[in-house]
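Peer 1: Here it is, the structure in full.
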Amino acid sequence: MTELVKIILFGTLVALFVSVNALFLVWMERKVSARIQLRRGPLHVGWEGLLQTVADAVKLVSKELTLPKEGDKFLYLLAPALVFAPLLAAFLVLPLGPGLVIRDLNVGFLFVTSLTNITFIGIFIAGWSSNNKYALLGSMRAVAQNISYEIPLLLSTMGVVLIAGTLKMSGLVAAQEKLWFAALQPAAFLIFLCASLAEANRAPFDIPEAESELVAGFHTEYSGMRFALFFLGEYTAVFISSAIATTLFLGGWRGPLLPGPVWFLLKTYAVVFVVMWIRWTFPRLRSDQLMNFAWKVLIPLGIANVFLTAVVLVFLK
Amino acid sequence: MSLQELVFLGVAGITLAGACLAVTLKNVFYNALSLILCLFGVACLFIFLGSEFLAVIEVILYIGAIAVAILFAIMLSRPMFQKNVKRNPAKILQAFAVSAALFVGLARVIRSTPWPAAETDGDYGLAAIGKNLLTVSLVPFEAVSLVLLVAIIGALVLSAKGEPR
């Protein structure tokens, strides 16, 4: 029975955190983009416009939900849930502090990587069931991109795993007691950042939803709360990949003075800031440039990194 | 019935339902999605058996790579509004015969193999699989990678045929 209570409690907490986090990240994105473009961003609703996203969320909820006439209704309704639900499950393995993990799985972050695959299928279904050529093109680009970038993403984490000797999130944090893996594995850290940007469909890798050519990509036909779910999913994905980057490369919750969860959130939001900074600084890549970058730069670099790490480890033994 | 049994029945039910839908539905896109449901059920069964690693790999490889490749092939091959092709009873019978033979063969192999229970401690799944692949089963492991290499080269040669140099 206590197990059931725990599940309900953690589920509620995660759901609450996800919505608050998305509201905050949307505000942060607006502020960051505004400052980078020498604007001031939202100012009037709440302090520094903090409540602007709440107002927008209320607007989204009250919007009419439309259904495309020739689309596949069942799949059209299923897709937003399929995109969003796996991201919620990823919170299972995030280590907030010493002993503060919901489940310290043996497979650790691989669990999250496997779940993002279901998100791709959600994106695929969204594009297909809308029966709209822009949506279909967007979803095909999204999936092609995600398949390609998953390889460097996993390769970059392998160096870290080789050093730590475990996939467990708690073990990975423990292995960084003296030195962050970002210092030991700088190449892996950069590859991971690039690949996770691409996995979350963020600029400069946002060709699946390239506004200037594809309207809005795979969620063109979605309105109201269903659209909001995709949006929520995108920001949650950014948070999760930043949190994993923090755990794998930036020492997780370790830090002086402040308690673990505070350090964890500080580092995670710092990575999120870098992600936003990149988005508002670089122009979008072309489709073929994107693929070339994955297959001709990131993957060879990733393999070289794994190889070098293994050689050094063998000689140090 | 305990909660565990209920969950097991649910997962097994989803797996079987996915498998049945994958061969009976008429829309190819739905077939592929049902296959994904079935594979996901198998992954859940692995978790139920205490092997998280196999479950994760099942999802990454079978759903993330193979099923998505199938979806891609379907999307590239025919438009959504096209009518479904009529089923041919003779072909169904042939397919049934082949799959029945495969089923009987696999069932025999599975029944005649002794299945010692694995130890369930810590990283057993991951470390044991890794060690096994690089020591006991090294030759099959390398043979498989050679086959895959041949397949990749073959695909490249086939796809490059029509293009001007």
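The values are calculated or read from the model by the stated rules, or taken from the named source; none is laboratory data. None of the values given here were measured: they were computed from a predicted structure. Every residue, glycine among them, receives a Cβ derived from its backbone with ideal geometry; neighbour counts consider all protein chains shown. The protein model used for the area step is the full one, side chains on, heavy atoms only, and it has no ligands, DNA or RNA in it. Shrake-Rupley method; radii C 1.70, N 1.55, O 1.52, S 1.80 Å.
Peer 1: For region A:27-93 and region B:6-50, compute the distance between their C-alpha centroids and round to whole Å.
Peer 2: Here the answer is 32 Å between Cα centres.
Peer 1: Further question on the same structure: How much of A:Lys63 can a 1.4 Å solvent probe reach, expressed as accessible area in Å² and rounded to 10?
Peer 2: 100 Å²
Peer 1: Next question, about the same structure. Assuming a viscosity of 1.567 mPa s and a temperature of 4 °C, what translational diffusion coefficient in µm² per second does Stokes-Einstein assign to region B:1-93, Rh being the Kirkwood radius over Cα pairs?
Peer 2: 88 µm²/s
Peer 1: Taking the Cα centre of region A:17-95 as origin, work out the dipole magnitude from +1 charges on Lys and Arg Cβ and -1 charges on Asp and Glu Cβ, in debye rounded to 20.
Peer 2: On the way: 9 positive and 6 negative charges, 65 e Å.
With only Lys, Arg, Asp and Glu charged at Cβ, the dipole is about 300 debye.
Peer 1: Springs between alpha-carbon atoms under 10 Å, Gaussian network over chain A: tell me which of A:Glu177, A:Glu199, A:Glu29 tops the mean-square fluctuations.
Peer 2: A:Glu177
Peer 1: Still on this structure, please answer the following. Using only the alpha-carbon atoms, what does the protein assembly as shown span along each of its principal axes? Please give whole angstrom values in decreasing order.
Peer 2: Cα spread of the protein assembly as shown along its principal axes, largest to smallest: 71, 65, 63 Å.
Peer 1: Let me ask another. Can you give the percent of C-alpha pairs in region A:220-317 whose distance is more than 21 Å?
Peer 2: 61 percent
Peer 1: Could I ask something else about it? Using a probe of 1.4 angstrom, how much of the accessible area of chain A is carbon and sulfur, in percent?
Peer 2: The computed percentage sits at 72.
Peer 1: Let me make sure I get this right: for chain B, a, b and c are the square roots of the gyration tensor eigenvalues over alpha carbons, sorted descending. Under 1.5 in a/c it's rounded, otherwise prolate if a/b > b/c, else oblate. Which is it?
Peer 2: On the way: a/c = 1.79, a/b = 1.21, b/c = 1.48.
Oblate, since a/c reaches 1.5 and b/c is not below a/b.
Peer 1: A follow-up question, please. For region A:1-62, what is the largest minus smallest coordinate of the Cα atoms on each principal axis, given in angstrom and ordered from greatest to least?
Peer 2: Principal-axis extents of the Cα atoms in region A:1-62, largest first: 55, 27, 18 Å.
Peer 1: If you don't mind, another one. How many nm separate the modelled label positions at A:Thr2 and A:Ser62, each set 7 Å beyond the Cα in the direction of the Cβ?
Peer 2: 4.7 nm
Peer 1: When you look at the Cβ of every residue in B:22-29, what mean number of other chain Cβ atoms sits within 10 Å?
Peer 2: Counting Cβ atoms of other protein chains within 10 Å of each residue's Cβ and averaging gives 1.
Peer 1: For the modelled label position 7 Å from the Cα of B:Leu148 along Cα-to-Cβ, which residues of region A:121-158 have backbone nitrogen atoms closer than 18 Å?
Peer 2: What the label zone holds, given the 18 Å backbone N cut-off, is A:147-158.
Peer 1: Could you tell me the calculated FRET efficiency between B:Ala160 and B:Ala73, based on Cβ-Cβ distance and R0 = 25 angstrom, to the nearest 0.05? Provide the component values of the computation, followed by the final result.
Peer 2: Values: r = 19 Å, r/R0 = 0.75.
Approximately 0.85, to the nearest 0.05.
Peer 1: Also: Determine the sum of side-chain charges near A:Ala34: Lys and Arg each +1, Asp and Glu each -1, restricted to other residues whose C-beta is under 15 angstrom from that of A:Ala34.
Peer 2: Overall, the nearby charge balance is +4.
Peer 1: Another question about this same structure. Using the Cα gyration tensor of region A:63-316, with a ≥ b ≥ c the square roots of its eigenvalues, what is the shape: rounded (a/c below 1.5), prolate (a/b larger than b/c) or oblate (neither)?
Peer 2: Prolate is the answer for region A:63-316, as a/c is 1.5 or above and a/b outweighs b/c.
Peer 1: Sticking with this structure for a sec: Shape verdict for region A:1-123, please, from the Cα gyration tensor: rounded (a/c under 1.5), prolate (a/b greater than b/c) or oblate.
Peer 2: oblate
Peer 1: Sticking with this one: Report the charge-dipole magnitude of region A:1-62 in Debye, nearest 20, computed about the Cα centre from +1 at each Lys and Arg Cβ and -1 at each Asp and Glu Cβ.
Peer 2: Computed about the Cα centre, the dipole is about 300 debye.
Peer 1: Leaving out ligands, DNA and RNA, calculate the buried accessible area for the pair B and A with a 1.4 Å probe, summed over both sides, in Å² to the nearest 100. Please report the intermediate quantities before stating the final value.
Peer 2: Details: alone 13470 and 15740 Å², together 26850 Å².
Protein heavy atoms only, the B-A interface buries about 2400 Å².
Peer 1: Can you give the FRET efficiency to the nearest 0.05 for B:Ala101 and A:Leu16, using r as the Cβ-Cβ distance and R₀ = 35 Å?
Peer 2: 0.05
Peer 1: Ok, one more. How many Cβ atoms of partner chains, on average, are near each residue of A:105-117 if near means within 10 Å of its Cβ?
Peer 2: Average per residue, whole number: 6.
Peer 1: Calculate the FRET efficiency for B:Val109 and A:Ser33 from the Cβ-Cβ distance with a Förster distance of 51 Å, rounded to the nearest 0.05.
Peer 2: E between B:Val109 and A:Ser33, to the nearest 0.05, is 0.30.
Peer 1: So for each of B:104-111, B:42-49 I average, over its residues, the number of other beta carbons within 10 Å; can you give me the resulting order with the highest mean first?
Peer 2: Values: B:104-111: 9.5, B:42-49: 17.9.
Top to bottom by mean Cβ count within 10 Å: B:42-49, B:104-111.
Peer 1: Which net charge results when you count Lys and Arg as +1 and Asp and Glu as -1 among the other residues whose beta-carbon is under 13 Å from that of A:Gly11?
Peer 2: Details: positive: A:Lys6, A:Arg103; negative: A:Glu3.
Cβ neighbours under 13 Å give a net charge of +1.
Peer 1: Three principal axis extents, largest first, for the C-alpha atoms of region A:131-274, in Å?
Peer 2: Largest first, region A:131-274 extends 53, 29, 23 Å along its Cα principal axes.
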